[in-house]
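The values are calculated or read from the model by the stated rules, or taken from the named source; none is laboratory data. What you see is a predicted model; the values in this text were computed from it and never measured. Every residue, glycine as well, gets a Cβ built from its backbone with ideal geometry; the counts of neighbours run over all protein chains shown. Note: areas computed on protein heavy atoms with side chains; ligands, DNA, RNA excluded. Shrake-Rupley method; radii C 1.70, N 1.55, O 1.52, S 1.80 Å.
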Amino acid sequence: MFFKNNIMPLVIGIAVISWGYVIANEADPIETNSTKTITNSKVPYFSEWPAIHSAIPKDPVIETKISSILSLMTLEEKVGQMIQPDLRGVTPQEAKHYKLGSLLNGGGGWPNNNKYASAKDWALESDKYWLALQDAYQGRGFNIPFMWATDAVHGHNNVFKATVFPHNIGLGAANNPDLIYKIGQATALEIAATGLDWTFAPTVATPRDYRWGRVYEGYSEDPEIVYQYAGRMVDGIQGGAKGLAGDSHVISNVKHWVGDGGTQNGVDRGENHYSEDYLRNIHATGYFSGLNAGAQVVMTSFNSWHDEANYDQIKGGGYNKKLHGSKYLVTDVLKQKMGFDGIVVTDWNGQGEVNGCTAANCPAAVNAGNDVFMVTARSDWQAFYHNVIDQVNNGTIPVTRIDDAVTRILRVKLRANLWEKPKPSERALAGQQALLGSEKHRALAREAVSQSLVLLKNKNNILPLAVNQKILIAGSGANNIQKQTGGWSLTWQGNENSIEKDFPGATTMSMALASMVGSENVITQVSEADQDTIAVVVIGEDPYAEMFGDIKANKTLEFSTIKPAYLADLEKIKALKSAGLKVVTIFYSGRPLYVNEEINHSDAFVAAWLPGTEAGGITDVLFNQKGKNFVGRLSYSWPMKKCSTAINRVAPNLVDYQTPETEQDIKGEHKPLFAYGYGLAYGLQSSKVLQTQDLDNIPLDTRDYGCGQSEPDNGMATTSLELFGRNASAEFVARIGGAANNWAGVDVSNGSKTSIEGLTTTPINYKHQQDALNVVFDGKNVGQLYLQTENSSSSDKNAYLNAKATLQFDIRMHKAPEKEVKLAMHCQWPCLGEVKINHILPTVSTQWSTIKLPLSCLAKQGMDYSLLNSAFLIFSAGEMAFDLGEIRFVPQSVDAASDQISCTDLVGMQ
Ligand code: BGC
Ligand code: BGC
């Protein structure tokens, strides 16, 4: 046995966070001065990156074993340990052949692609890889066990029948570190039941801007709760050194290092511009407590960090400061200053985000200090493997870097006692189906739901409800399991799920109400209501996860306008209210949103976040069962204005904190409707209300354009906008892009070719010297040629739409397109307008033609010209070749141009 010590993790034993002000009841929000110093802060100020004192310290026995194994390994064996494919892109035979170290199942990845796989099915699938690797080391004199990683981020959520806990945003509101610890333990047991080794959790982000689609994955906008929770969650999952070596715990992974919650405008994978001091004290505190509790893995983040300290690692310059290429933050800070001795894993092909890299090739990310590479697709990980070996052999990657990575991988595997554990299906808990969604765990989830609810309004103490009254249930969330469970629930985005098939045994709100008052007392029609009937309207966001959940620049935080369908929820509340019913609104959301109107028309309003499968936890509190009261308090400030996007509380550990969103202060949008820590409860005296506001008449924000827009240009353009060619304004630059999300700036002036897999461009002479491009799509890959603003930011070109302009481009065809060709404009992808243009392209000829296309056609297809960032984009997966000359927007040309393409023509061709 390697484990002599059982060192208890350093956890913070504080059960309750004390807020800086009093909690009140009734219809009044509490106004606090957001610059008020919160005394008694539970998070210290870190003037430097602190040294970690891990609950799992270095063990000399393990260290000796690592060196002896390492000394026997070939370079190929070492690199194999560093590769982690996705289950859908690897077979046990390949794992054996390449001697891989681990795999992951990404969101929606299940054994044999079976969504309904049992605990045993998972363990048996895990056996296949485990055995393949045992085989692979035959005759080598040593072996290295295999590991399987999964995203168990709110329970073991990829697994059918597992307990689904509330997402982290709700747990943050519950404000109870002991609860977090218990959820960690329960989740670890369920993971152990499926024979897996490692979970990519907890997320310890401190999300600042509510437009980010991953806000709900973070406990709080404020470091205080994140700091208190991270350590407890890690401890629950891993159980300290002894727990990790045993059968009921698994490896815990804090993510995403670092600053994922602080990107500008809340853009997923975006740019973080915090100073180093704020990065450390706002975005990194969860790592300090999580790593002290012994977390064995840190996942690198997709975002970039724009600071001098994040110096250029990449030869030739131009480093885009992505964390995956940051030697400063990964090696100098995390590994050296903090002394983290476990594994740094990349995020899903995150290395490919470093410029100059692809998923399959990125020595810079190896050199920056990443140890395990989540290279998910078969062709990518195989290429990556060979590339790394070549790069070590030719000196691009030092072998010491490889040895550091493998040392860490072996260390974590030894700490997890993998050499002593039998094959996955034979481990003590493996295959125990009864552990998945056990009564005990579901009761814990239900309790967590109860504790997470935040009561925002309770006019005339309409709540609690009585069990002997009729309830009218309405709203899009009333019987909608997807809205309750949110993203990362059986599937990646949390959609494609139904309660009957995918969450048998789950409870929706209408089911929970029926079991509380009897189904005969739950009605859906106003005509069935009597004078005591209370309407419970359950409303909320559809599920989403990373990338898909961001609120784009042309939208605001206004719930009813984020998606057209959401308006029906507001209308429902208004209709029931005007029919004379008292309305209790339950709001499911992954973030605080602007709901002033919904609140005005509701008698009571409850923020229920993304509670998971146990809506009984909501009715327990609504009906005050067993004395259950509202204990949840906002761990995110609640917006008053449509663009109060980052109105975060002043971080208590930063006395001199200045919000980076100063523009919002100027506009007066910084003032929350409900401050951080707010939450009403039954039985509190109104004398405790600090400030009154009439929650029936919260002023409405009249803004009718997105938070990323300045007031739209209602003017009328009078002159042409030259986009490309000799007279082009410098606003747009030509770029080409390939399949792997890589791109290159097109070289126009010096006459040389620019190539990317997919296509090649060569400058040619049209009206002037080198004012046009010869473009060849090779048909081997998807390729695109586009004109984009320099830093991809938006520019308001509404005036051209208003002026009935056409997009005009000059083109000479050399080789007709073999496949579909699309023309698009982007208003920050995925905001775009796109049409198929094969039938309007000229035939092969030595002559130039001009294509004219009304801007309004693309507007009809979704293009928002007030946010234009790619003015012209042509893409195809097939071969074609043409010359492209001038490109421009020409005002007042729709009617004038008789040769223009009609929209019906284009749209009809979709
Ligand atoms: C997410 C991670 C997740 C990983 C594996 C990534 O895209 O950012 O949070 O752990 O995928 O599914
Ligand atoms: C995959 C998910 C994965 C995600 C990570 C998606 O393409 O289907 O399984 O978690 O990418 O970004």
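A 1.4 Å probe run over the stretch 511-667, with the rest of the protein chains in place, finds 34 Å² accessible per residue.
Straight-distance candidates among the aspartates and glutamates for linking to residue 815, with alpha-carbon spacing under 12 Å and chain neighbours fewer than 8 residues away dropped: 778, 879, 883. This model, with +1 at the C-beta of Lys and Arg and -1 at the C-beta of Asp and Glu, gives the stretch 201-290 a dipole about its Cα centre of some 200 debye.
Using the Karplus relation 6.51 cos²θ - 1.76 cosθ + 1.60 with θ = phi - 60°, the per-residue 3J(HN,Hα) values for the stretch 186-193 come to 5, 5, 4, 4, 5, 5, 4, 5 Hz, with x marking Gly and Pro.
Straight-line cross-link reach from residue 58 at under 23 Å between alpha-carbon atoms covers these lysines, not counting any fewer than eight positions away in the same chain: 4, 78, 242, 255, 335, 337, 413, 421. Of the trypsin sites (Lys or Arg not before Pro) in the stretch 77-173, the ones in a loop by DSSP (not H, G, I, E or B) with at most 14 other beta carbons within 10 Å are 140.
Computed from the Cβ-Cβ distance with R0 of 51 Å, the FRET efficiency linking residue 383 to residue 526 stands at 0.25. Extents of the chain, largest first, come to 83, 79, 53 Å (Cα atoms, principal axes, whole angstrom). In a reduced charge model with +1 at each Lys and Arg Cβ and -1 at each Asp and Glu Cβ, the chain shows a dipole moment near 1520 debye about its Cα centre.
Projecting the Cα atoms of 360, 47, 193 onto the dipole axis of the chain, where Lys and Arg carry +1 and Asp and Glu carry -1 at the beta carbon, places 193 farthest toward the positive end. Relative intensity of the stretch 143-265 on a log10 scale, I(q)/I(0) at q = 0.13, 0.15, 0.16 Å⁻¹, equals -0.49, -0.64, -0.72, per a Debye sum over C-alpha point scatterers of equal strength in the absence of solvent.
Of the trypsin sites (Lys or Arg not before Pro) in the stretch 421-515, not one is in a loop by DSSP (not H, G, I, E or B) with at most 13 other beta carbons within 10 Å. A Förster radius of 45 Å, combined with the Cβ-Cβ distance separating residue 143 from residue 565, puts the computed FRET efficiency at roughly 0.25. Surface calculation, 1.4 Å probe, protein heavy atoms: residue 58 sits at approximately 110 Å² accessible. For the stretch 301-409, the solvent-accessible area works out to 32 Å² per residue, with a probe of 1.4 Å and every protein chain left in place. Each of 708, 180, 763 was placed along the dipole of the chain (beta-carbon charges, centred on the mean Cα), and the one lying farthest toward the positive end is 180. The lysines within cross-link reach of residue 819, meaning a Cα-to-Cα straight distance under 23 Å and a gap of 8 or more places when in the same chain, are 780, 836, 852. Using C-alpha pairs below 8 Å separated by at least 6 residues, the relative contact order for the chain is 13 percent. Measuring nothing but protein heavy atoms, the accessible surface of the chain at 1.4 Å probe radius is 50 percent carbon and sulfur. Pairs exceeding 29 Å between alpha-carbon atoms, taken from 457/501; 767/822; 327/552; 440/470: 457/501; 327/552; 440/470.
Computed from Cα atoms alone, the Kirkwood hydrodynamic radius reported for the stretch 68-144 is 13.2 Å. Annotation for the stretch 470-519 versus the stretch 591-626: alpha-carbon center distance of 14 Å.
Basic side chains Lys and Arg get +1 at the Cβ, acidic Asp and Glu get -1 at the Cβ, and with that the dipole of the stretch 755-824 about its Cα centre reaches some 220 debye.
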